[in-house]
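Enquirer: Have a look at the structure that comes next, please.
The values are calculated or read from the model by the stated rules, or taken from the named source; none is laboratory data. Treat the numbers as computed from the prediction; the structure is a model and nothing was measured. Don't worry about glycine lacking a Cβ; one is built from the backbone with ideal geometry, like all the others, and counts go over all protein chains shown. These accessible areas exclude ligands, DNA and RNA; they are computed on the full protein's heavy atoms, side chains included. Shrake-Rupley method; radii C 1.70, N 1.55, O 1.52, S 1.80 Å.
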Amino acid sequence: MFCELVMLNNSRELAYENVEKPVDVSYTTDEQYKRWNYPSYNFTIATFWTPYLVRTKQAEENGPTNTGLFNLYLDEYDVEWTTQIDEFDYIILSAGHWFYRPAMFYENGKLVGCFYCLKEGVKDLEMSYGYGKAFQTAFKAINSSPNFKGITYLRTFAPSHFENGMWNEGGNCVRKKPLKSSEIKLDDRALSLYNAQVDEFKVAEEVGKKNGKQFRLLDTTQATLLRPDGHPSSFGHWPEENVTLYNDCVHWCLPGPIDSWSDFLLEMLRWDD
């Protein structure tokens, strides 16, 4: 799943037995904001591209790592999705690896620090600072929506599986089978991100109880950590193509892990029905 946020409408009509071709009911031609309707199930799924969950503006195309430098307004809603909350019965939030890119952190309209921006005079903050604040704001948008009566799911951080270096240091992911829990653990940075989002989830859950909002934790982190075989490495292309790609140990393009996420989610939806 490449989108960062999914919303579902009337999903209690889901069923295993039949497969139906959806109707594209998107309100825009932008491929990052799609909607599909399954008429006979009275079911609509929508995806919203919001990699930082909050209002964002690209400050530089390249930045320190040639992956861009972004201004993150940590206390401001991303109106592309927050203005459409009321239309749906379920929200699925997920965000992660975009936060590894250099970013400038703004609060109350003022620059408070950054993550690896390498700007003189700008305070360097941990990645988890911006990550936690972004989730705090996303949850606040949901809890402050007077008409959203559905359930919000947080899909937790999905770790990468680079070995022998990071993506720009020759790292790769060549394992062909799952790991045992005794063979791997989250590195410190990934653990800090996981803790930041779960901490904000718990706060939001308590706030939500006071005004009828419901939250569910779709905790896939540990299960996903054990699946290094789910990454395409350098093989994210057709066999007949003669191309050279960077080693991709972040995106989940091979069968296995994402199928498990879907199974977990479907079972949770059934329990909430």
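Enquirer: Just the number please: accessible area per residue for the stretch 16-148, 1.4 Å probe, all protein chains included, in Å². It would help to have the intermediate numbers written out before the result.
Expert: Details: 6820 Å² over 133 residues.
About 51 Å² of surface per residue is accessible.
Enquirer: Quick one: 3J(HN,Hα) in Hz for the stretch 110-118, Karplus 6.51/-1.76/1.60 with θ = phi - 60°, rounded, Gly and Pro as x.
Expert: 10, 6, 10, x, 7, 10, 6, 8, 6
Enquirer: Can I ask one more? Name all residues of the stretch 175-202 having a backbone nitrogen under 19 Å from the label point set 7 Å from the Cα of Glu169 along its Cα→Cβ direction, giving them as ranges.
Expert: 175, 184-193
Enquirer: Running Debye on the chain with equal point scatterers at the Cα sites and no solvent, what base-10 log of I(q)/I(0) appears at q = 0.10, 0.13 Å⁻¹?
Expert: For the chain, the Cα-only Debye profile gives -0.57, -0.98.
Enquirer: Looking at the calculated P(r) for the stretch 52-126, what percent of the C-alpha pair distances fall above 16 Å?
Expert: On the way: 1484 of 2775 pairs.
Tail of P(r) above 16 Å: 53 percent of Cα pairs.
Enquirer: At a 1.4 Å probe, what is the % contribution of carbon and sulfur to the accessible area of the stretch 132-257?
Expert: Values: 3660 of 7010 Å².
Carbon-and-sulfur percentage of accessible area, whole number: 52.
Enquirer: Quick one, could you list the DSSP H helices from the chain stretching 27 Å or more along their long axis (Cα atoms) with average Kyte-Doolittle hydropathy of -1.0 or above?
Expert: Numbers: long enough: 188-210 (34 Å, -0.64).
Qualifying helices: 188-210.
Enquirer: If you take the beta carbon distance between Asp187 and Lys210 as r and set R0 to 35 Å, what does 1/(1 + (r/R0)^6) give as a FRET efficiency, to the nearest 0.05? The partial results should precede the final answer.
Expert: Details: r = 36 Å, r/R0 = 1.04.
Given R0 = 35 Å and the Cβ-Cβ separation, E is 0.45.
Enquirer: Same structure again: Going down the table (Lys57/Lys119; Lys180/Lys202; Lys34/Lys177; Lys57/Lys185), which pairs top 27 Å between alpha carbons?
Expert: Numbers: Lys57/Lys119 17 Å; Lys180/Lys202 29 Å; Lys34/Lys177 34 Å; Lys57/Lys185 34 Å.
Over 27 Å Cα-Cα: Lys180/Lys202; Lys34/Lys177; Lys57/Lys185.
Enquirer: Ratio of alpha-carbon Rg to the 2.2 N^0.38 Å globular estimate for the stretch 198-273, to two decimals, please.
Expert: Numbers: Rg = 17.9 Å, N = 76, 2.2 N^0.38 = 11.4 Å.
In units of the globular-protein estimate, the stretch 198-273 measures up at 1.57.
Enquirer: A further question follows. Let me know the longest stretch in the chain that avoids all GluC sites (Glu not before Pro) found in a DSSP loop with at most 16 other C-beta atoms within 10 Å.
Expert: Working: sites that count: Glu17, Glu20, Glu31, Glu61, Glu120, Glu126, Glu169, Glu240, Glu241.
The longest uninterrupted stretch comes out as 170-239.
Enquirer: A follow-up question, please. Seen from all sides and averaged, what is the projected area of the convex hull of the Cα atoms in the stretch 95-219, in nm²? It would help to have the intermediate numbers written out before the result.
Expert: Values: hull surface 40.9 nm².
About 10.2 nm², averaged over all directions.
Enquirer: May I ask you to evaluate 6.51 cos²θ - 1.76 cosθ + 1.60, the Karplus curve with θ = phi - 60°, for each residue of the stretch 32-38 and list the ³J(HN,Hα) values in order in whole Hz, giving x for glycine and proline?
Expert: 3J(HN,Hα) across the stretch 32-38, in whole Hz: 7, 9, 10, 9, 10, 10, 10.
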